[in-house]
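As structure tokens, the structure follows; a few thoughts come after it.
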Amino acid sequence: MNNSILLLINGWAAKSQLLDTIMIFCAKYLVYIVFVVVAMFVVYWLYKRQWRTVAYVFLSLVVTFIFLKLAGLLNLDHRPFMDHHLTQLVAHASGKSFPSDHTTVTAGIAFAFLFFTRFKKTGVLILLAACVIGFARVFVGIHYPLDILGGLVVGLIGAVIAYGITKFIPSKKVQFTTPSDQTE
């Protein structure tokens, strides 16, 4: 089924110059737009002194990265263009394809937004971007559909584990008093 879906989606490649251009852009560059959006939010959170939000989003990305590397050890599939005759619109080095790094990092960011921030709509938009990136990477011939699904799941697992870790972090603010604040 993985191969059938790959061949179906990649079969649309090279049929429309406009569609090819959009898919190439999404496969290669949409992730960078997500990074810029996240950087703007981080600057905002730092300006507002929302250290915990920055730390939790960062923790989520670190855990997601660790699971990305572990998941990569589980699968030895080649990139689809190595095993199939595809229309490859984006040049890519050969090697293992599971999970999609682009999809994983974007999904990890999306779930971090959904779990740790009040910007849920932004999280949903970033998750949609992760899906578009993943679809585009199948379209251009450099990933299997299961690589994309794996990336979405790894991003979710990373954020869920980070969320679990944060439950062990005390959330009460510590108040410091000076000797002059104390009354006898």
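For region 15-95, the equivalent ellipsoid derived from the Cα gyration tensor has semi-axes of 34, 21, 6 Å, listed largest first.
Based on the Kirkwood radius over alpha-carbon pairs, what value in µm²/s does the Stokes-Einstein equation return for the translational diffusion coefficient of region 90-156 at 4 °C and 1.567 mPa s? Here the translational diffusion coefficient equals 110 µm²/s.
Most tightly packed first, judged by the mean number of other beta-carbon atoms within 10 Å of their residues, the peptides 139-147, 6-14 read 139-147, 6-14. Of the trypsin sites (Lys or Arg not before Pro) found in region 1-106, those in coil by DSSP whose Cβ has at most 15 other Cβ atoms within 10 Å are Lys15, Lys48, Arg49.
Computed over the Cα atoms of region 2-165, what is the ratio Rg over Rh, Rh following Kirkwood? A ratio of 1.01.
Any read-out appearing in this document is the output of simple, stated calculations on the displayed coordinates, not a laboratory observation. All values reported here derive from a predicted model rather than from experimental measurement. We place every Cβ from the backbone using ideal geometry, glycine too, and count neighbours over all the protein chains shown.
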